[in-house]
Structures are given as structure tokens and as C-alpha cells.
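The structure appears right after this line, and notes come after that.
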Amino acid sequence: MPIQVLPTHLVNQIAAGEVIERPASVVKELVENALDAGARRIEVHAEQGGVAAIVVRDDGGGIPADELLLSLAPHATSKIASLEDLEHVASLGFRGEALASIASVSRLTLTSRHTAASHGTRLAASAGEREAATPAPHPPGTSVEVRDLFFNVPARRKFVRTTSTEFSHIERMLIRLALSRPQVGFLLTHNGRRAFAVEGAETRAGEEARLAALLGPEFVAASLYVEHRSTEVSVHGWVGLPTYSRAQPDEQHVMVNGRAVRDRLLASAIRAGFRDVLFHGRHPAYVLYIDLDPARVDVNAHPQKLEVRFRDGRTVHDAVRRTVESVLAETRPNADRAGPIPVSAIAAGSMSAGRESYRQHSVFPRHADVGATLDWREIAALASTHAPTVADAPAADLGSANAAHAGDRDASIPPLGYALGQVHGVYILTETADGLALVDMHAAHERVLYEQIKAELEAGGPPRQGLLVPQIIEMTPASVDMALEQRSALEAMGIVIDRLGESSIAVREVPVAFGTRDLGGLVRDALAELAEEGATLRVATGRERLLATLACHAAVRAHRRLSLPEMNSLLRQMEVTDRADQCNHGRPTWVRLSMQDLDRLFLRGR
């Protein structure tokens, strides 16, 4: 065929193929126009998944009557007029193609009243063919009605999914838009039934109420508020606790200058902030708002404006990573926080436990067992910072001493209280100022050691101890060769080895915190981590995985009896260790049960 200019309606349909993927895309474009018009309340009504009808109403500034016809023209917009405007875009829309594209594949009716006008004006279009504008009653603002989507494009209509699927896309899209503008009220209905409604919020408490309505109260209960302000980048929002991680990345919302986006750089920065506390294969949950000079963001990087490019990506990446990292570093036992996991589920679930058979177990260790079976040096990190506590009292006086402390509200009771004993050699039971707590001693010690070794590594390497008799480890010749190749990486972690033969190595030095237990397992696991990471061990993620392996091996094992002073020493270290609410794999290390929680468990006061 000869070169020719395409007809306008065909140009619009091609644009619609890029912009209008499904009914949710229509909602996105129309709601973004409403937000750009300054709307404070937006209603979205859908029928049959949005295919039969989508109606979007707003109370924004409206469109002047003499510009209404032009609003359906391709690439007609009031948002930019020059290249300089494009480089400083602060609006959600700017290309002027949405209304024209939607009108080319549907039956569209646009009714609007400018704030300065006495009445509204209506304009209808079908398959891109526009009718004459007529006066119509309408409050200040704009209503757009889109019916029979893709009626004139059968090939596109075939790709539309079921009603429930398409509406779920609309709902998720509108939730993202509602999250991007907390000050704006939103209403969504489907086939006449309300799906959700939220009012605009001007305070943090109001925003958290909106988050509970949009994402569920569990998100708010398990999230931490973050805030970082600087002259270049500002970050604020909510970050889910590591124990609230998800199997899918379905609760990850990032807004850049009020625009909901999906950005690999930002996702990488947030994940880097979680790298010390997230279980492998899990995904963090968050709602984060990032604000910076519009000139430093390219929003014209994606046909649907879902992605952005930063002119100084490293600055943005570091600001986001440090913000997330710093708030997660504060996830340690604190008297002002309930703990890493809510206990409401425990109280709720306990009522159904009566259907199961119970076995009685002894919760507390016998006095003869307390402090007699575990060598202090085997949990080296516990010994160095131990300070006398009430739990150092003789065993016979333990009950009265702890009771005196718990009863004296003027005394300074630590967040994790004082140890009462062990539960089956796995958990430490403690009495706190307002109830009790259970601590997973292995997970907690693992976190304490991990942070200790990491700090020592950053300061030049963990202190090492030479073995009086080197330990011989048998392995395959290939593993021996790899161990020697990675000798420098192992030495940086405090493990010094030599080749002893074709299929064996000698371990001559180990980190002080590790002791001499299970050196074979330690070295083999360390080599497995090095083999998986390879040359990327120099990258933080690889290094920290190896550190986690060391900490896991060095941590006190389950079913080992600890003395009360040892238990209390671990509790005190947890209270001053970053990220102590969860172990290196993202599991919670402790749970608090207040007296109110205990009363609910036993139905007291009911």
C-alpha cells in the first residue's frame, strides 16, 4: 500500500489498544482526570464488570462549555503546552489521548459544569463519532458515562474476562488510586451494590482508618509508620512488619508525587531494606509515598504511565532503602509496642481448642535443673553483657522477688520482664509489667549473634579463636578446591582453613561467638552459601546470607537448659539489639500476652 495518513478514528483505536486494555483502564484514566481537576470526592459505578457501563462522577473544576467538544479530540489537553511543561509534569494525565481513545471504542456521554457556569453541558460520542453539545443540568464537576465497551472492536471484546474478574481489576485499580490521594473521598459500586467507600483524610489517624478500610485492619495493626524528609527526597508511609510478609507481592503500593507506580528501582530499594529480616520467598507489604521535584522524574516512560524513570536513581534508592532499614532496625522489644505479632488471633482461637484433647506438661524447670547443664562459654554472646537482675535471686526466693518487681509500677521493669523458666527447652517464659511473654530462645539468640557478627565484620572482622587441635573435615576433592578458592571470604567471616589432603581440610580458627560445636556443619553450610552466591558474595545480600548461616549455627539450640541468669541476659540483649523482633529468617522471636489478653483467654469478667 502507498504511504498515507491514517484516519482519526483508526489512530484513536490504535491508541486505545495501548491505553485501554480492559474496563479497569477506563476507570484509571477517568479517575486520574477527575483528580487532576481538583476533585475532593469521586464516585465510580460499574455494571457487569465495567463492560456494560462505567460511570465516573467528580466534584472538580469542570470543563468550560466551549472546550467540551475539544476534550474528545486526540492529544488535546489543558495540562501541558510546551516541552518545558513536559519536563515538570505534576498532573497524572498529560498526553490528552484518554477521552478520545475511550470514545473510539465505546458509547460515551460527557456531562460537565465549570465552577463559573450556571448550568452544565452534555456531549455524546459513539465509536468516535461526536454529536452536538447540548445544555444539561449538572452540579459543578464532571460525569463521564461509558457504555458497551469494545462494542465496535469484536477482537478486543473476546479478550474481556468474566464479570467478577474484570470487576476485581477495577476494585484493585481504584484502591491504588484511593491510596495515592488520601485527601479525596471515593465510592465504588458494582451492579448497584457498594463495594467500598472512604472519606478524605487530613490526619495520620484518618489515613490509617482509610488503610484499614482499603487493605484491612490487619495491615494497619502489623505496620510501622515511616518518615524521612530531606531537600532532595521525602519518604513517608507504612511498612508491614516482617512477620506480616506475604506469599505474593499483592500489598505493595508506591506513590511518586501522588502517582501510583510500579518501579523496579523502588522495589529493589524496599527489598534491600528488608534483607535482614525477610524469609526467603516472602514479600513485604507497604504503602509508601515518595515526593521529589517533578523535574527529576520522567513520567512519560510507559504508555499507561505505570512506570517512571528517575534522573538520579541512586539518591532515590538510597533514601528509600535507608528509611525502611532504619524503621525495621527499631523492631526490638519495647514496652510501647504489643510485639511482632498480634495476640488477638490466639485469644480468638483458644475457644475452639476445647474440642481437642489436652496433655498436661510441666511449664517450669525443676530447681535442680536451673543453671546446671549449659556451659556459659557455649553461648558466648550471652555472657559478655549479663548484668545482675531479680532473676539472680536464689531459686527458693524467685517467686516473691519477681512478684515484688512486677507489682511495683514505679520500678523500671524491662520490656521483656524477667525470666520465670523454660517451656520444653524451647521457649523462655517471662513475667512482664502487664502480663507475660514467650521468647523463642534459638530465634532470639540467632538475631543477637547475627547483629553482633555483622557489626564486628563492619569494624574489621569478628574476633577469632585458634583451636588447640585443628578440626579435620572430610569432603569431596571438588569441595576442597572450592573451599580454598573461597578462603579469603571465609577468613573475613572468622573461619581460617588449610588444605590437609586431597579430600580434607583443617579448620584452625573460628569466630569467638561460635565456639567449637558442629564445625563441620558450619563450614559445609558456609561453602554451600558461597557456591550459590559465587562471585556476588561481595554484594551485601550474599554476605548477609553467609552471616545468617554462621549465626544460625552459633545460636543456642532448642532443648538445652539455660539458667535464669542466662535467660535474663538474652532478654536484656534482645532489648538493645536491632531487629530483635524477628530472627534472620523473618520468624517472630517473641510474643506478649497482656493481662487483658489473659483475661480474654479465661473469660474473666464475662
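The values are calculated or read from the model by the stated rules, or taken from the named source; none is laboratory data. Remember, predicted model here, so these are calculated numbers, not experimental data. Methodologically, a virtual Cβ is constructed for each residue, glycine included, from the backbone with ideal geometry; neighbour enumeration extends over all protein chains shown.
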| remark: Filtering segment 222-250 down to residues that are crowded, with 16+ Cβ neighbours inside 10 Å and over 22 Å from Gln183 (Cβ atoms) yields Ala222, Leu224, Gly240, Leu241, Pro242, Thr243, Tyr244, Ser245
| Among the listed residues Arg487, Arg508, Arg572, Arg560, which satisfies the condition of being at pLDDT 75 or above, touching a strand residue (DSSP E or B) at 6+ places or on another chain (Cβ under 6 Å) and among the basic types (Lys, Arg)? | Arg508
| field | Matching residues, segment 464-489, being of a type outside the set (A, V, I, L, M) and out of contact with any helix residue (DSSP H, G or I) (no Cβ under 8 Å at 6 or more places or on another chain) | value | Arg464, Gln465, Gly466, Pro470, Glu474, Thr476, Pro477, Asp481, Glu485, Arg487, Ser488
| Looking at Ala16, Ala37, which is the one that is within 23 Å of Pro137 (Cα to Cα), at pLDDT below 95 and small (Gly, Ala, Ser)? | Ala37
| query | Does Asp263 satisfy the criteria of being closer than 24 Å to Leu92 by Cα and in contact (Cβ under 8 Å) with a residue 24 or more places away in the chain? | reply | yes
| note | Scanning segment 269-326 for residues that are at pLDDT 90 or above, of a type in the set (Val, Ile, Thr) and under 30 Å from Asn33 (Cα atoms) gives Ile270, Val287, Ile290, Val316, Val320
| note | The number of residues in segment 116-140 that are closer than 18 Å to Val56 by Cα and not basic (Lys, Arg) is 11
| field | Matching residues, segment 22-79, being part of a strand (DSSP E or B) and either charged (D, E, K, R) or on the phi > 0 side of the Ramachandran plot (or both) | value | Arg41, Glu43, Glu47, Arg57, Asp58
| said: When the residues of segment 327-358 are narrowed to those that are within 20 Å of Leu601 (Cα to Cα) and polar (S, T, N, Q), which ends up modelled with the lowest pLDDT? | reply: Ser357
| remark: Within segment 80-102, the residues that are in a loop (DSSP other than H, G, I, E, B) and modelled with pLDDT of 75 or more are Leu92, Glu97
| Can you find even one residue in segment 472-490 that is in contact with a Pro (Cβ under 7 Å, 6 or more places away or on another chain) and farther than 15 Å from Ala548 by Cα? | no
| request: For residues that are under 23 Å from Thr331 (Cβ atoms) and out of contact with any Ser or Thr (no Cβ under 8 Å at 6 or more places or on another chain), scanning just segment 415-431, find the one that is modelled with the lowest pLDDT. | output: Val426
| Would you pick out the residues in segment 165-191 that are touching a Phe, Trp or Tyr at 6+ places or on another chain (Cβ under 7 Å) and either hydrophobic (A, V, I, L, M, F, W, C) or not assigned by TED's automatic domain parsing to the domain that holds Gly49 (or both)? | Leu174, Ala178, Leu188
| message | Residue under question is Leu179, and the condition is that it be closer than 30 Å to Pro340 by Cβ, out of contact with any Gly (no Cβ under 7 Å at 6 or more places or on another chain) and at pLDDT 95 or above; does it hold? | response | yes
| request: Scan segment 142-186 residue by residue and report those that are assigned to a loop (DSSP other than H, G, I, E, B), surrounded by 18 or more Cβ atoms within 10 Å (Cβ to Cβ) and not hydrophobic (A, V, I, L, M, F, W, C). | output: Arg181, Pro182
| First in segment 38-55 and closer than 29 Å to Ala201 by Cβ and in the same structural domain as Asp148 (by TED's automatic domain parsing), second anywhere and basic (Lys, Arg) and surrounded by 16 or more Cβ atoms within 10 Å (Cβ to Cβ), Cβ under 6 Å, 6 or more apart | Glu43/Arg57
| message | Just checking, does segment 127-137 include any residue being surrounded by fewer than 17 Cβ atoms within 10 Å (Cβ to Cβ), at negative phi and acidic (Asp, Glu)? | response | yes
